[in-house]
Structures are given as structure tokens and as C-alpha cells.
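Below is one structure, written out as C-alpha cells; comments come after it.
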Amino acid sequence: MSKGRNPTSIPLFDLGLSHEAIFSELISAVEKVARDTDFINGKAVTDFESAFGRYHSSAHAIAMSSGTDALLVALMALGVGPGDEVITTPFTFVSTAEVILRVGAIPVFVDIEPETFCIDANEIAPKISSNTKAIIPVHLFGRACSMDLVMDLANEAGISVIEDCAQAMGTRFHGQPIGTFGDFGAFSFFPTKNLGGWGDGGMLLCSSDDLALDAKAIRDHGARTRGRYEILGGNFRLDSIQAAVLHKKLNYTNDWKRQRQLAARRYNELFENAGLCGHESSPLVLPAEDGQGEHSFGLYVVRARDRDALADHLSAASIACGKYYDLPLHLQGCFSHLGHGQGDFPVAEAASSQVLALACYAGINESAQMMVVEEVARFYSS
Ligand SMILES: Cc1ncc(COP(=O)(O)O)c(C=O)c1O
């Protein structure tokens, strides 16, 4: 059922492992939708929205076709358009800034913090102009951004905030769930995310009744009432079958988060015991966990000396790893018209050449983690 279960190989994610224990529950949920033929905007969707909203203590949860579409709909609902500027990070998945271009606005990049890889909130203020309409902070790899600083800046400047929560469902900042600080929180249910579907999916959280109404209308071709298309929208709906699967899986996300956090701490201990981190001259820098933002370890990402050679070495040993992200957005072709070049965002650029994600999923066992650490140690000792 699960890819990569060969005992001699270690996958980056093992979706089958987390599905195995609840497989019949998930299949029954899918079967119910099929038997009810309630495929579009069905009860499964509204039930899942209610549960997701309750989990986050958020007034509105609006299911979407993907995390990308959730971000896009949030920008559309806020009326962001041509000539407007939106501040975000260059060190993220392309969706975060792609959607800014899609509404005709201009992405304004701000460099990241070296420790957390999240946007450096202290660098945002100088980038705010009279055209700035929104900030999109990204809770990268599962680590919460400094939402207190971001919200203070946004409130002072009167600009909107859309939190990109795609990689961090279930993470809290000072005890409050991420996605509930800004005007919108946008989530992805891509299968490998903290809450992953059996296909694409997404969600918007929002506390404003008016914005929620607009987002719901935009999701369904701009209709506030059936057949009356008052604003420009599209088809951004979540399928009922996905909603049914996600609703069941939602009940397990806290447990899976705890398992990833334990696995991350076990890596930290193993790497420390192997003497691979902790000094300026060490080959690895481990993910930062401090009292500020929680880390739900959607990805366990280290900085590694000779990253590319290490990645090749691990791959040759059948140990999967991932370079998230090996080219920051300001150097990607689709943003070339912004006129950025090498050196514009040095912290993001350095991260791009150093980061490596290692297997850290719910249910990973100690022996698999030891194999990863031993192989990393073998690489640096050779
Ligand atoms: C940071 C970030 N933003 C947005 C997205 C887009 O989500 P989706 O793949 O569901 O469209 C992703 C997904 O990979 C992501 O990692």
C-alpha cells in the first residue's frame, strides 16, 4: 500500500504508514459520499468546514480546491489587483508569490531569518509603501512566524495579512493556532502536508463575516445567490470525497504532530551524540526550536555543509531527502521581470544552497532515524 516500505530504503514521507491504522475508516467515509452521490458542495464539505473551524476556534472555515487557490481567493476577496504590492518571502514554495502575480499585483520580497527560515519581520517596515495592500508570511516547514511583530506592523500600516499555513497546520504561536492571526489563513491539504488528503485540497480561515461571504462567492463563480454572478470568481471548490477523508484524518493530526515532534527531537539528540552539530565548525545546523513559535515539523530541515554532495550520498544509500528550496523565488524565471539578481536576498540564497529535509513522518522508527544519522556521519567522516 505504501511507497518506499522496502526496509533497506527510507522515504521522505510514508503516507501509507499513517493511513494503515485507519484505512477502513477512510474507505467508509469515501463510500458514504459515493452512495449518497453528494459529490459537490455536499454535507461532507460543510461538516469538515465546521470541524476545521472548531479545531482552530475560527468563525469561518471555507474549503478550497488547493492551498494555491486558497491564497488566490484570499487576495481576490481582499480586492488586491494591478498596481498593488504584496510583501512576502522569497524562500517558499512558488505558490505564495505566484498568486500575487495572478491577480496582477507585485510581489515585494523581504529576506528571511537565518534561524527559522521565516520572513524577517524586522525587515518588513522599510518595504511598506503606499501601494502595499497585504503581507503573506509563510509558516515554513511547520515553524510559526513571529506573528506578533507581523500583526503589529500590519495594523499600524492598515494593511491585510494572509498567513500561508500550507506547511504548518496544527502549529501554534504563543498558544494560538496559526491561520487565526491575519485576515485569512490559507491551508493546503496536499497529501504530504500535516493534514493531507487523497488528492488536492485547501482551506481558508477567516474571522470577518463579510470577507467570508466574498471568499465563498469567489469559490463558486462569484455567485452570492444561485445563478447571480455578482463578482468575478471561479471554480475553487473542494470535492466532497476529499472533505470526507480530511475530516476523518483531522482527528489524528494532533497525535501525528506529537509523533513528528518526538522524531525531530530524537534526530537532534542523535546528531548531537554523533558530534555533527553545535559548533561553528560543525557540518550541520539543526532546526531552531525556541519559546517563540511552535514547530510542527511538516519538514525536518537541517543546514548542511556540502549539501549537494550529502544529498547524492544519501540517495545512493536509498535514503530520501529533499532540497526545499534550492532556488529562491527572486531568481526564478517567472519573477525575472521584477529585476532581482543574485545577492538581493543573501540569507534566502545561503539557505537555498544549504537546506536539506530528512525523513521525519509520524510513525518513523528509531532504527530508520539511526540509519539516516549514521549515513550522514559516514559522509562527513569520509
Ligand atoms: C508554502 C506553501 N504555500 C502554498 C502551497 C500550495 O498548496 P497546494 O499544493 O495545495 O496548492 C504549498 C504547497 O506545497 C506550500 O508549501
Round to the nearest 0.05 the FRET efficiency obtained for Ser50 and Arg172 when R0 = 22 Å and r is the Cβ-Cβ distance. 0.60
Want the number for Asn235 to Asn273: 0.36 nm per residue separation, take away the alpha-carbon distance, what's left? 8.5 nm
Mind ranking 275-281, 230-236 by how tightly packed they are, going by the mean number of other C-beta atoms within 10 angstrom, highest first? 230-236, 275-281
Using per-residue counts of other Cβ atoms within 10 Å, averaged over each peptide, order 363-369, 109-115, 332-338 from highest down. 109-115, 363-369, 332-338
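Contour minus end-to-end for Arg228 and Asn254, with contour as 0.36 nm per residue of separation and end-to-end as the Cα-Cα distance?
Stretched out fully, the Arg228 to Asn254 stretch lengthens by 5.3 nm.
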Helix-derived mean residue ellipticity, 222 nm - over the chain, DSSP H n ≥ 4, -39500 (n - 2.57), to 500: -11500 deg cm²/dmol
Hey, in the chain, which Cys have no second cysteine's beta-carbon closer than 4.7 Å? Cys165, Cys206, Cys277, Cys321, Cys334, Cys360
Whole-Å semi-axes of the range 75-160's equivalent ellipsoid (Cα gyration tensor): 20, 15, 11
So, relative contact order of the range 1-122 in percent, Cα under 8 Å, 6 or more apart, is 14
Of Ala264, Ser318, Gly234, farthest towards positive along the dipole that unit charges on Lys, Arg, Asp, Glu beta carbons give the chain: Gly234
For the chain, please report how many Lys pairs fall under 23 Å Cα to Cα, leaving out neighbours fewer than 8 apart on the same chain. 19
Quick one: compute the contact order of the chain, relative version, from alpha carbon pairs under 8 angstrom and 6+ residues apart, as a percent. 21
Histogram of C-alpha separations across the chain, 10 Å bin width, %: 5, 24, 32, 25, 12, 2, 0
Computed lengthening from Asp326 to Glu280, 0.36 nm per intervening residue step minus Cα-Cα distance: 14.3 nm
Rotationally averaged projected area of the range 270-360 (alpha carbon convex hull; nm²): 7.8
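Values quoted throughout were computed directly from the atomic coordinates according to the rules given, and no laboratory measurement underlies them. Being a predicted model, the structure only gives us computed values, none of them experimental. Using ideal geometry, Cβ is built from the backbone for each residue, glycine included, and neighbour counts are taken over all protein chains shown.
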